[in-house]
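The values are calculated or read from the model by the stated rules, or taken from the named source; none is laboratory data. Nothing here was measured: the structure is a model prediction, and the numbers come from that model. Cβ sites come from the backbone with ideal geometry, for glycine too, and all protein chains shown count toward neighbours. Keep in mind that these areas ignore ligands, DNA and RNA; they rest on the heavy atoms of the full protein, side chains included. Shrake-Rupley method; radii C 1.70, N 1.55, O 1.52, S 1.80 Å.
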Amino acid sequence: MSICYNIRNILFIYSLCLVSTVTCLKDGNNTIFHASLKEDNSITLHWTVDYSSEMVTFEIHLPSNYGWFAIGFSDRGKLFPADYCLLWVDLEGKISLQDSFANDKGIIQLDKLQDCDGFRLKRRNDVTKFTFKRKFDTCDDKDYIIQDGTTHMVWFRGYHKLYQPSGLNVSSPSGNHGMIRVQLLKNTEVNTVLPPDIKVLDIVVDKNHVPAEETTYWCHVVKIPDEFRRKHHIYQYESKIQQSSQGFVHHMEVFHCETNPDEEIPLYDGNCFASDRPAKTSVCKKVLAAWAMGAPPFIYPEEASLPIGGDKFNLYIMLEIHYNNPELKSGLVDSSGVRFYVSDRLKRMDAGVIELGLEYTDKMAIPPGQELFPLFGYCTSACTAMGLPPEGITIFGSQLHTHLTGARMLTRHIDAHGKELPELNRDDHYSTHFQEIRRLKNVVKVLPGDSLITRCDYNTQDKENITLGGFSISDEMCVNYVHYFPLTDLEVCKSSISDQALMTYFSYMNEWEGQPTISTKGISDNYKVIEWNKIRVQLLREVYEEAPLSMQCNMSSGDRYPGYWENASIPPVLIPLGPPKRRCADIKE
């Protein structure tokens, strides 16, 4: 952890115009995003987004010793079935890029409609660089629809030339393949000029020896300087990743240790899930920053910023890094982390974070063997009426969060009259391994009396018993951390099924389904003894969707707002939004 001073007039505009590229990638804001496709950074992805034409332009850099290379899109990161743009060299040396797809048996077939447009290629110094364009929605049912949220990018490389691409079998791939998660449709309208007295605060690990394991979550606790006993604002933050760790550092989060300002926290440095991790570090759980691969700097709006420091602020902060090392490479030494740009020149307002979704409790659970089992967390009109100022709040950022079985998330917005407004945030291809705080393209005004409904869908097809809600990584969560201004006392607006409704469900399971669920057992034990079948799963789903709520409508002090928050009604949606419209006269086959 280090701090530097007097960085003047820093402009962070992500532009890249490589000397040897075919075309200088650029959009209206000259913003180019990039990510490593391969952990050693030898194959890289660069892209721009044009919202006026609803087009993404991709540029791939790879070593020239290939016979074919396929880059594409997959629903969940599997290499097949998937939608590909296939670069290939025929026996005569001719190079082509063709729209193709791998079927559910891993056989490549050419698409009748060719939608990998604008292909150009150039080779320089044993590196091939090629570009192509794809519409967000090509209206071809064989093509992946590029949406807001997470996109799983998949790729293959082969060294032999092809007679023809059709019939190529990728069901038993060699080591020359991979997958990364990125958000392609980023907010391109975020720009800022930092004040002249900006300070740089680096929260980084120090020469960390990364284990030769596929997945590692590393936790590093630091104490920031005493000068932060004076309040500062975070103007922006970004990743600070050393060159040799590009591709290995998958995502990072920075947490504040929420406790009294004089509490000492052990300076732990080790695996987040190690048995010797000090219990006192469990208070380090309030998110200050979240970065995922391909994310640009997160920039706060002109009106407000998240405060850091102050006389009531504990100075301990924890960095969590997810290392992704599928090839189990050893000897990697890393000093990466997150860089904050802060100033004690405060903006007009403090920004804040409100937790939406489900209470951290075992009352909410997911049966085993489910492809997409939904849970719903509610922020009711009664809570927003109590906790929000008369003029409401403006939400400008959102971080969706579950644990390992989360597969899809969204938050709906309902006004005080039951009319559904545009969604706050959605990620149909959500993965817990790709979490970032995202600036919303359109800010959302939430007024007192509005309701917010957060839905999480979970995949438990590989589970043999119930997955419980809770804090452990093997438990589940459903949270949307929304970033907003102006700061209010409302910090938690979440729900769970009411205790009475859950006890009624367990009694029914005992009396009518013959399950050993009895009142003397705890909630977790009652869930665990149920022998799950389709009928019992469906009944639990219906109970969750209809039963009264137990509400957490909490102030920043941890106290609930005055009122009775048990057996609250589920917010009605009287005028729902229709399904999103596709700009397709008809879907092409």
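A few remarks follow.
- Qualifying residue in segment 6-21 (condition: surrounded by 18 or more Cβ atoms within 10 Å (Cβ to Cβ) and modelled with pLDDT under 95): yes
- From the list Tyr51, Tyr66, the one residue that fits, being of a type outside the set (Asp, Glu), in contact (Cβ under 8 Å) with a residue 40 or more places away in the chain and within 15 Å of Leu184 (Cβ to Cβ), is Tyr51.
- Scan segment 73-102 for residues that are open to solvent by less than 40 Å² (accessible area, probe 1.4 Å) and of a type in the set (Asp, Glu) and the total you get is 3.
- Verdict on Ser336 being in contact (Cβ under 8 Å) with a residue 24 or more places away in the chain, among the polar types (S, T, N, Q), within 30 Å of His177 (Cα to Cα) and surrounded by fewer than 17 Cβ atoms within 10 Å (Cβ to Cβ): no
- Some residue of segment 519-540 being in a helix (DSSP H, G or I), open to solvent by less than 20 Å² (accessible area, probe 1.4 Å) and closer than 26 Å to Leu452 by Cβ: yes
- In segment 295-317, the residues that are closer than 16 Å to Lys223 by Cα and either among the hydrophobic types (A, V, I, L, M, F, W, C) or buried (at least 19 other Cβ atoms within 10 Å of the Cβ) (or both): Ile308, Gly309, Phe313, Asn314, Leu315, Tyr316, Ile317
- Any hit, segment 338-349, residues being of a type in the set (Val, Ile, Thr), out of contact with any Lys or Arg (no Cβ under 9 Å at 6 or more places or on another chain) and under 30 Å from His220 (Cβ atoms): no
- Put simply, of Leu404, Leu400, Leu421 the only residue that is of a type in the set (A, V, I, L, M, F, W, C) and modelled with pLDDT of 95 or more is Leu421.
- Residue that is farthest from Gln552 (Cα to Cα), among those in segment 348-405 that are in contact with a Leu (Cβ under 7 Å, 6 or more places away or on another chain) and among the hydroxyl-bearing types (Ser, Thr, Tyr): Ser398
- Matching option when the condition is open to solvent by less than 50 Å² (accessible area, probe 1.4 Å) and either free of Cβ contacts under 8 Å to residues at least 12 places away in the same chain or on the phi < 0 side of the Ramachandran plot (or both), among Glu371, Glu359: Glu359
- Odd one out for Val543 among (1) touching a residue at least 40 places away in the same chain (Cβ under 8 Å); (2) part of a loop (DSSP other than H, G, I, E, B); (3) within 28 Å of Leu404 (Cβ to Cβ): (2)
- One residue stands out in segment 224-253 among those that are of a type in the set (A, V, I, L, M, F, W, C), modelled with pLDDT of 95 or more and more than 20 Å from Arg438 (Cα to Cα): the one that is surrounded by the most Cβ atoms within 10 Å (Cβ to Cβ), namely Ile224.
- Whichever residue in segment 425-459 is within 16 Å of the chain's Cα centre (by Cα) and farther than 23 Å from Arg76 by Cα and, among such residues, is most open to solvent (accessible area, probe 1.4 Å): Lys441
- Lone qualifier among Val338, Val342 - being touching a His at 6+ places or on another chain (Cβ under 6 Å), over 30 Å from Leu447 (Cβ atoms) and at pLDDT 95 or above: Val342
- Pick from segment 254-273, criterion within 24 Å of the chain's Cα centre (by Cα) and farther than 17 Å from Gly352 by Cα, ranking: most open to solvent (accessible area, probe 1.4 Å): Phe273
- Residue check, Thr31 modelled with pLDDT under 90, open to solvent by 10 Å² or more (accessible area, probe 1.4 Å) and either in a strand (DSSP E or B) or over 29 Å from Gln236 (Cα atoms) (or both): no
- Close pairs from segment 246-260: first at positive phi, partner acidic (Asp, Glu), Cβ under 6 Å, at least 6 apart: Gly247/Glu39
- Which listed residue is under 25 Å from Asp350 (Cα atoms), under 24 Å from the mean Cα position of the chain (by Cα) and in contact (Cβ under 8 Å) with a residue 24 or more places away in the chain, from Ile366, Ile393: Ile393
- Within segment 460-471, the only residue that satisfies the criterion of being within 21 Å of the chain's Cα centre (by Cα) and either of a type in the set (Lys, Arg) or open to solvent by 50 Å² or more (accessible area, probe 1.4 Å) (or both) is Phe471.
- Any hit, segment 141-163, residues being open to solvent by 20 Å² or more (accessible area, probe 1.4 Å), touching a Leu at 6+ places or on another chain (Cβ under 7 Å), at pLDDT below 95 and among the hydroxyl-bearing types (Ser, Thr, Tyr): yes
Condition check ((1) at pLDDT 95 or above; (2) open to solvent by 50 Å² or more (accessible area, probe 1.4 Å)) across all residues:
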position	(1), (2)
Met477	no, no
Tyr481	no, no
Phe485	yes, no
Asp489	no, yes
Ile497	yes, no
Phe506	yes, no
Met509	yes, no
Gln515	yes, no
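- Annotation note: Cβ proximity below 6 Å between a residue of segment 184-208 that is within 17 Å of His34 (Cα to Cα) and open to solvent by less than 40 Å² (accessible area, probe 1.4 Å) and a residue that is assigned to a loop (DSSP other than H, G, I, E, B) and not acidic (Asp, Glu) (sequence gap 6+ or interchain) occurs for Leu184/Ile146; Thr188/Asn29; Thr188/Thr31.
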